[in-house]
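In what follows, a structure is listed as structure tokens, so that the remarks can point back to it.
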Amino acid sequence: MILIINAGSSSIKFTLYKKDNSSAIQLTGQIKQIASPKVEFVFKKENEPEQKIIPDQVNDFASAIQYLINWLEKNIYFSEIKAIGHRIVHGMMHHEPVIISESLLAELIQIIPYAPEHLPNEIKLVEAFKRQYPELIQVACFDTSFHAHMPDVAKRLPLPRRYYEMGIQRYGFHGLSYEYLMEELERIAGNKMATGKVILAHLGNGASIAAVKNGQCMDTSMGFTPASGLVMSTRTGDIDPGIATFLMQSEKLNLREFDQLVNHQSGLLGVSGTTGDMEELLKIEDTDMRSAEAVELFCYQIKKWIGSYTAVLEGLDTLVFSGGIGENAAVIRSRICSGLQFLGVDIDEKKNAQHEEIISSDKSKVRLMVIKTNEELMIARSVYKILNNA
């Protein structure tokens, strides 16, 4: 069996795959809203209904990790697990999944300032499993790897050159999702479509867009950190850097407070003043102007990035929607595509409403698709390759 761990800033997802079939799930679940009064543990065993637990004494990430390990020990046979695959948000110069060693752990600790929202928790998980199961192989799969071969012009930030040499550049994220989507695109539509001019839109609580040509990432909206690019559930996306100076002077915000502002208090939540959840916003947009403005801003920005990335690709063959919003919110897909007819985009509203795999009309020059992403399966495939090579 292979255990896959996908840690967020306030959640831990896990999936257990059968070793003889990387797509067969035996167990899946997550601890959600860690360090909040609403923390809960949901899980689903093979051929059984989903169950929910309110875990005792889970008040921070460390206690959530120990709770999960203890629960897994009672419910699965660790002796049958051959490896653990981890989603690691930042890999700097690592372009492929690798077995986690002491030297890699030391590297990850060194680059915590590059992803302070995610890396500390991911490192804690690796270390916790290493302490209790030191003989178990652990594999790091990096969210930045997909974007590693972007052209230099797409990586470079307009700062003094010494900062670029320090590693301050655009890295991109959601790479495991994009890697999976490209594999699925080839499986569904064939190699010719997958090696064409493709825009991938991973739209969820965290949202980003990637431009892909000949199977290689040419640009992506997230940059040095996952806070950049599109407006997201609670993140600002791109903003004028002068805002930081202004707010630090006018409201006396310190660095930590500003970080909280741009990562946890802004985005859809900040604009609406009520929620960062797109499903909830769509329910109340007809009666709440601020919610309607948040939804409008989200669609407007995505449409703008699609236009710019069509220019980067010098055309557009395929537009793929994915992520929680991209897969489930037909009205958002429709609004994004509205006005893109000049690019050859024509959505079939009936297919879109039914969440079909292909939602473009017969006359559309651009193929519009909805593909459900699966980062955990992508990690599992990478772990299997490493085990087979070993």
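The values are calculated or read from the model by the stated rules, or taken from the named source; none is laboratory data. Keep in mind that this is a model prediction, so the values were computed, not measured. FYI the Cβ positions are ideal-geometry reconstructions off the backbone, even for glycines, and counts take in every protein chain you see. Keep in mind that these areas ignore ligands, DNA and RNA; they rest on the heavy atoms of the full protein, side chains included. Shrake-Rupley method; radii C 1.70, N 1.55, O 1.52, S 1.80 Å.
Residues with amide H under 5 Å of ALA24's amide H, sequence separation 5 or more or different chain, H placed in the peptide plane at 1.01 Å from N; which?
Correct list: LYS18.
Which entries in the list LYS52/LYS130; LYS52/LYS74; LYS32/LYS283 go over 20 Å, if you measure between the two C-alpha atoms of each?
LYS52/LYS130; LYS32/LYS283, as the Cα separations exceed 20 Å there.
Enter the accessible area per residue of the chain (Å², integer; probe 1.4 Å; all protein chains in place).
47 Å²
Using the Karplus curve 6.51 cos²θ - 1.76 cosθ + 1.60 with θ = phi - 60°, what ³J(HN,Hα) values do you get for each residue of the range 123-139, in whole Hz, with x for Gly and Pro?
5, 4, 5, 4, 5, 5, 5, 5, 5, 8, 9, x, 8, 7, 5, 10, 10
For LEU255 and LYS52 in one chain, what is 0.36 nm times their gap in residues minus the Cα-Cα distance, to one decimal in nm?
Contour length minus the Cα-Cα distance gives 69.3 nm.
For the pair ILE188 and ASP60, how long in nm is the line joining their label points, each one 7 Å along Cα→Cβ?
Once both label points are built, they end up 4.3 nm from each other.
Amide H neighbours of GLY315 under 5 Å, at least 5 residues apart or on other chains, H built in the peptide plane: list them.
none
VAL89's amide H: which non-local residues (gap 5+, or another chain) put their own amide H closer than 5 Å, with H modeled 1.01 Å from N in plane and none for Pro or chain starts?
ASP143
Provide the gained length on full extension for the span LYS363 to ALA311, in nm with one decimal, where the gain is 0.36 nm per separating residue minus the Cα-Cα distance.
Length gained between LYS363 and ALA311: 16.5 nm.
Could you run the Karplus curve 6.51 cos²θ - 1.76 cosθ + 1.60 with θ = phi - 60° over the range 163-178 and give me ³J(HN,Hα) per residue in whole Hz, x for Gly and Pro?
Result, ordered by residue: 6, 4, 5, 7, x, 8, 8, 8, 9, x, 9, 6, x, 5, 5, 5 Hz.
Order these peptides, 156-165, 202-211, by their mean beta-carbon neighbour count within 10 angstrom, highest first.
Highest mean packing first, the order is 202-211, 156-165.
In a GNM of the chain with a 10 Å cut-off on Cα contacts, which of ILE100, ILE54, ILE137 has the highest mean-square fluctuation?
It is ILE54.
In the range 7-149, carbon and sulfur make up what percent of the accessible area (probe 1.4 Å)?
50 percent
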